[in-house]
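Student: The structure that follows is given in the form of structure tokens.
The values are calculated or read from the model by the stated rules, or taken from the named source; none is laboratory data. Quantities reported herein were computed from a predicted structural model and do not represent experimental measurements. Positions of Cβ are backbone-derived with ideal geometry, glycine not excepted, and every protein chain shown enters the neighbour counts. Side chains included, ligands, DNA and RNA excluded: accessible areas come from the protein's heavy atoms. Shrake-Rupley method; radii C 1.70, N 1.55, O 1.52, S 1.80 Å.
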Amino acid sequence: MHVAKMLNTHPIPQKAICLIKKYAGVTMKKFFIALTFIMASLFIWSYQEDLKRLVMPDPMAYNTYDKGQCTFYVFDKVKLDGKMIERSWRDAKYWAEHAKEDGYTVNQQPAQGALLQSRRGKQGHVAYVEHVYPNGSIKITEMNYIEPFHVSERLLTSSDIKRYQFIHPKINPVL
């Protein structure tokens, strides 16, 4: 980015320029302090995305769910999409509730990349929405619907999906 454009659009260099104008002719020491402030703020501003990646850990770096389970599979699918969900939602039956508490959109509207959630069964179940068809049916993939570690796919009709919640992952801020 052109330095003149950064000076005109970024608030920190504007403050530093005011300092230079205020102290112009007073002392060289104050001038160099203001100039150092300008240069440091331009550096930080121009590299803010790189710095954010260094400081902020990736929330999807570690899959804490049990291998072979539906929760483990769905976490990895969301990670591949460059999106994020939380690592602390525990069993699938709690996911919609915890997702709402964590500010995720949870509704009955399926979308590609959303997570189908059910409270049915001892631990509940989650699956990944691969595709939404124009007629309202959806294609899902899931693990442990048949047995642990087994990935399967199903087609659910628009009347089938009425009994499920859909969790919509957030964008991963680190990617």
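Student: Would you pick out the residues in region 71-91 that are assigned to a loop (DSSP other than H, G, I, E, B) and touching a residue at least 60 places away in the same chain (Cβ under 8 Å)?
Tutor: Residues satisfying the conditions are 81, 82, 85.
Student: Right, next: Could we say that residue 118 is touching a Gly at 6+ places or on another chain (Cβ under 7 Å) and in contact (Cβ under 8 Å) with a residue 12 or more places away in the chain here?
Tutor: Numbers: touching a Gly at 6+ places or on another chain (Cβ under 7 Å): yes; in contact (Cβ under 8 Å) with a residue 12 or more places away in the chain: yes.
Criteria met by residue 118.
Student: Of the residues 153, 101, which single one is more than 30 Å from residue 56 (Cβ to Cβ), modelled with pLDDT of 95 or more and exposed (fewer than 14 other Cβ atoms within 10 Å of the Cβ)?
Tutor: One residue alone meets the criteria, 153.
Student: Mind telling me which of the residues 152, 158 ends up being in a loop (DSSP other than H, G, I, E, B) and of a type in the set (Ser, Thr, Tyr)?
Tutor: 158 is the lone residue from the list that is in a loop (DSSP other than H, G, I, E, B) and of a type in the set (Ser, Thr, Tyr).
Student: With respect to the numbered conditions (1) in contact with a strand residue (DSSP E or B) (Cβ under 9 Å, 6 or more places away or on another chain); (2) buried (at least 17 other Cβ atoms within 10 Å of the Cβ), which one is the sole condition not fulfilled by residue 91?
Tutor: (1)
Student: Condition (residue is modelled with pLDDT under 75 and closer than 23 Å to residue 171 by Cβ) applied to region 55-70: is it met by at least one residue?
Tutor: Initially, region 55-70 is screened for residues modelled with pLDDT under 75, giving 55-56.
Filter again for closer than 23 Å to residue 171 by Cβ, leaving 55-56.
Yes, region 55-70 has at least one match.
Student: Taking the conditions exactly as written (farther than 22 Å from residue 59 by Cα, surrounded by 12 or more Cβ atoms within 10 Å (Cβ to Cβ) and aromatic (Phe, Trp, Tyr)), does residue 145 satisfy them or not?
Tutor: yes
Student: Take the conditions in contact (Cβ under 8 Å) with a residue 24 or more places away in the chain and assigned to a loop (DSSP other than H, G, I, E, B) and apply them to residue 123. Does it pass?
Tutor: On the way: in contact (Cβ under 8 Å) with a residue 24 or more places away in the chain: yes; assigned to a loop (DSSP other than H, G, I, E, B): yes.
Judged against the criteria, residue 123 is a match.
Student: Take residue 94 and decide whether it is of a type in the set (Phe, Trp, Tyr) and assigned to a helix (DSSP H, G or I).
Tutor: For residue 94, the condition - of a type in the set (Phe, Trp, Tyr) and assigned to a helix (DSSP H, G or I) - is met.
Student: Which one is nearest to residue 141 (Cα to Cα) among residues in region 57-92 that are of a type in the set (Val, Ile, Thr) and more than 12 Å from the chain's Cα centre (by Cα)? Explain how you work it out, then say what you get.
Tutor: Step one: list which residues in region 57-92 are of a type in the set (Val, Ile, Thr), which gives 64, 71, 74, 78, 85.
From the residues that got through so far, the ones that are more than 12 Å from the chain's Cα centre (by Cα) too are 64, 71, 74.
Details: 64: 20, 71: 12, 74: 9 Å.
Of everything passing the filter in region 57-92, 74 is nearest to residue 141 (Cα to Cα).
Student: Of all residues in region 104-128, count the ones that are open to solvent by 80 Å² or more (accessible area, probe 1.4 Å) and closer than 23 Å to residue 174 by Cβ.
Tutor: Going through region 104-128 one residue at a time, the tally reaches 1.
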